[in-house]
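Below is one structure, written out as structure tokens; comments come after it.
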Amino acid sequence: MKKIVICGDCGSKVLTRTVIRACSGCGGAFVCDGAKIYETKQNPKFLIVTTYTLTDIRCGSGIMVFGKALCRVRTSISMGTMIPIVDTSNAEALTILKGSGSSVVGCSMSGHDTISVSGIKNFPTKLISLQRSVKTVDGNIIEPHEFSVKLSREIPVYPLLAACSVLLLSGEPSIDGYRF
């Protein structure tokens, strides 16, 4: 089971809902979201855990997605082989990750980030660009390429890119695009 930790997504929880929907369509998820614990499919491929306050990060291997409402209290970082995904405008998350030694997967509309929207097609399809090679949680290398995402509803840019990053880093093939 691939482990995904979502830190600091509160309010509308668009980031959490988008990642859960993307993972549900690619094998299902076992979700621990606050007081709720549930499976989206039997024998799920993904474990998704949400948190809002970080006092320690010692997670082993997997993917950590940073939201904007992160509360940091005396944070100690030991990312292990966790791969961090962050909106590069999120100064708090970047401060937490500074000095962790982790290779950050940056998501935004910028051409300098790891993954970005490369073309705005009419809804429901978006074109996404992986702009540099990344290593999956299993250690495989994914080379830069473009792929499409067919959406069931409009999604803000960062949750869309974060969900695509989770799928790519989990080793889900993008050759036929994603749907969520």
Hey, which of these cross-link pairs are over 20 Å Cα-Cα: K3/K45; K36/K126; K3/K150? K36/K126; K3/K150
Mind sorting out which of [x] 17.2; [y] 18.8; [z] 16.2 is the real Kirkwood radius over Cα pairs in Å computed from the coordinates? [z]
Place a +1 charge on the Cβ of each Lys and Arg in the stretch 2-179 and a -1 charge on the Cβ of each Asp and Glu, then give the dipole magnitude about the Cα centre in debye, rounded to the nearest 20. 300 debye
Residue order, fewest to most surrounding Cβ atoms within 10 angstrom, among S170, S108: S108, S170
Can you give me the distance in nm between label points at A35 and L47, each placed 7 Å from the Cα along the Cα-to-Cβ direction? 2.4 nm
Take the eigenvalues of the Cα gyration tensor for the stretch 108-171, scale each by 5, and report the square roots as semi-axes in whole Å, largest first. 20, 13, 10
How high is the relative contact order of the chain, in percent, with contacts defined as C-alpha pairs under 8 Å that are six or more residues apart? 20 percent
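Any read-out appearing in this document is the output of simple, stated calculations on the displayed coordinates, not a laboratory observation. What you are looking at is a predicted structure, and each value in this text was computed from that prediction instead of being measured. Here the Cβ is made from the backbone with ideal geometry for all residues, glycine too, and neighbour counts use every protein chain on show.
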